[in-house]
Amino acid sequence: MSLAEGGVLSFGCKIGRRSAVLLLADFRGTVRHQLQTTYQYPLPGPIFEFLRKGIAEILDRCSPSEQKRICGIGIGTPFELWKWNEIVGAPPDEFSSWRDIDIVAEVNTFSELPVYMVNDATAGCQAEHIYGRGKEFRDYAYFFIGAFIGGGIVLNHSVYQGYQGNAGALGSLRSFGPQGESQQLIDTASIHLLEARLAENGHNPAELWVQPQDWDRYARFVEPWIGRTAQELARASLSVCAVIDFEAILIDGAFPAAVKQELVDRTRRYLVNQDMRGLIAPRVEAATVGFNARAIGAATTPLFERYFMNSGQLLQ
């Protein structure tokens, strides 16, 4: 026996720092319909308008039977989004409006479907665990590199969300700037650094997000970015393994497959040269879900909340 693909459908939405994706997925994670919008930085008004119009457009594409089988909307978004205005270059007064926004209530003004919230990077981890390589490992840490890097963790074959749903906030791991100043991993291993380099040299960084992605034209900027990011990932991998004895580190991101593989290969090489006294080196592997991981993972949230007897044991 196996799950019927079209037995139940759900919406998944990823609200990112540079783009938002809305998709309709089935029980096996196959994307039936998808819409995307890009922006310099996310503001509530445009985001909710994108969702309102997008949900209506996708529903129009569905048959009446399919519409009845849509069980909810999962939304993956960074927690405390309003704290990132300086890095995304947003005006503080506009961006701070996120603090007072109840996303579930806003979506319920134009949709009667149940709405579920999840951290965006945790959603990516959920997608990889169900539809990617997650079943191969018992305990692993998951890094997703978007405009900002984030992550998730899996313990004993289950995605662990933590007491407040913020477990695996790997982007907040400590790192160091060029002058030795204390920084977070989001400041040293994220795509926004590559965007800045492109902008400094007269290129439009928004082109990094155009689908299908083609980064070959920016190879002279991408190459050093991969090198630095791989070094940071190697150090971060050992840091998380010092807390939990992870079997593997899975790496994914909003970039072309060739960039991901090169990043994984270099992270492996840098890991060999790290001081591993007292540690057992994890396997470093490429995740497989890719660019849409956070939106697909968000779409799994209504499924588990609605159809699993114990949704507290997510993805076991």
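Summary of values
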item: Lone qualifier among VAL272, VAL243, VAL289, VAL222 - being crowded, with 20+ Cβ neighbours inside 10 Å and either more than 30 Å from LEU113 (Cβ to Cβ) or basic (Lys, Arg) (or both); result: VAL222
item: So LEU51, is it modelled with pLDDT of 95 or more and either open to solvent by less than 10 Å² (accessible area, probe 1.4 Å) or not in a helix (DSSP H, G or I) (or both); result: yes
item: Subset of segment 138-179 (residues that are of a type in the set (Phe, Trp, Tyr), assigned to a strand (DSSP E or B), over 14 Å from GLN126 (Cβ atoms) and within 13 Å of the chain's Cα centre (by Cα)); result: PHE143
item: Boolean, GLU66 is more than 24 Å from LEU194 (Cβ to Cβ), charged (D, E, K, R) and open to solvent by less than 50 Å² (accessible area, probe 1.4 Å); result: yes
item: Criterion violated by GLY12 - all others in (1) of a type in the set (Gly, Ala, Ser); (2) open to solvent by less than 10 Å² (accessible area, probe 1.4 Å); (3) more than 14 Å from ALA295 (Cβ to Cβ) satisfied; result: (3)
item: Failed item in (1) closer than 23 Å to GLY132 by Cβ; (2) of a type in the set (Ser, Thr, Tyr); (3) more than 18 Å from the chain's Cα centre (by Cα), with SER182 passing the rest; result: (1)
item: Residue list for segment 69-87, filter: closer than 19 Å to ASP120 by Cβ and either over 24 Å from the mean Cα position of the chain (by Cα) or crowded, with 19+ Cβ neighbours inside 10 Å (or both); result: GLY72, ILE73, GLY74, ILE75, GLY76, THR77, PRO78, LEU81, TRP84
item: Of residues in segment 87-120 being among the small types (Gly, Ala, Ser) and touching a helix residue (DSSP H, G or I) at 6+ places or on another chain (Cβ under 7 Å), the one farthest from ALA169 (Cα to Cα); result: SER111
item: Failed item in (1) in contact (Cβ under 8 Å) with a residue 12 or more places away in the chain; (2) in a helix (DSSP H, G or I); (3) buried (at least 18 other Cβ atoms within 10 Å of the Cβ), with PHE304 passing the rest; result: (1)
item: Test: residue in segment 155-167 that is touching a residue at least 60 places away in the same chain (Cβ under 8 Å) and surrounded by 21 or more Cβ atoms within 10 Å (Cβ to Cβ); result: yes
item: When residues of segment 15-41 are limited to those that are within 16 Å of the chain's Cα centre (by Cα), closer than 17 Å to GLY124 by Cβ and not small (Gly, Ala, Ser), the one surrounded by the fewest Cβ atoms within 10 Å (Cβ to Cβ); result: GLN36
item: Tabulated pairs, segment 250-274, first on the phi < 0 side of the Ramachandran plot and touching a residue at least 24 places away in the same chain (Cβ under 8 Å), second open to solvent by 80 Å² or more (accessible area, probe 1.4 Å) and assigned to a helix (DSSP H, G or I), C-beta under 7 angstrom, 6+ apart or interchain; result: GLN274/ARG235
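The values are calculated or read from the model by the stated rules, or taken from the named source; none is laboratory data. Everything quoted here is computed from the prediction, not taken from an experiment. Positions of Cβ are backbone-derived with ideal geometry, glycine not excepted, and every protein chain shown enters the neighbour counts. Note: accessible area is taken over every heavy atom of the protein model, side chains too, but ligands, DNA and RNA are not part of it. Shrake-Rupley method; radii C 1.70, N 1.55, O 1.52, S 1.80 Å.
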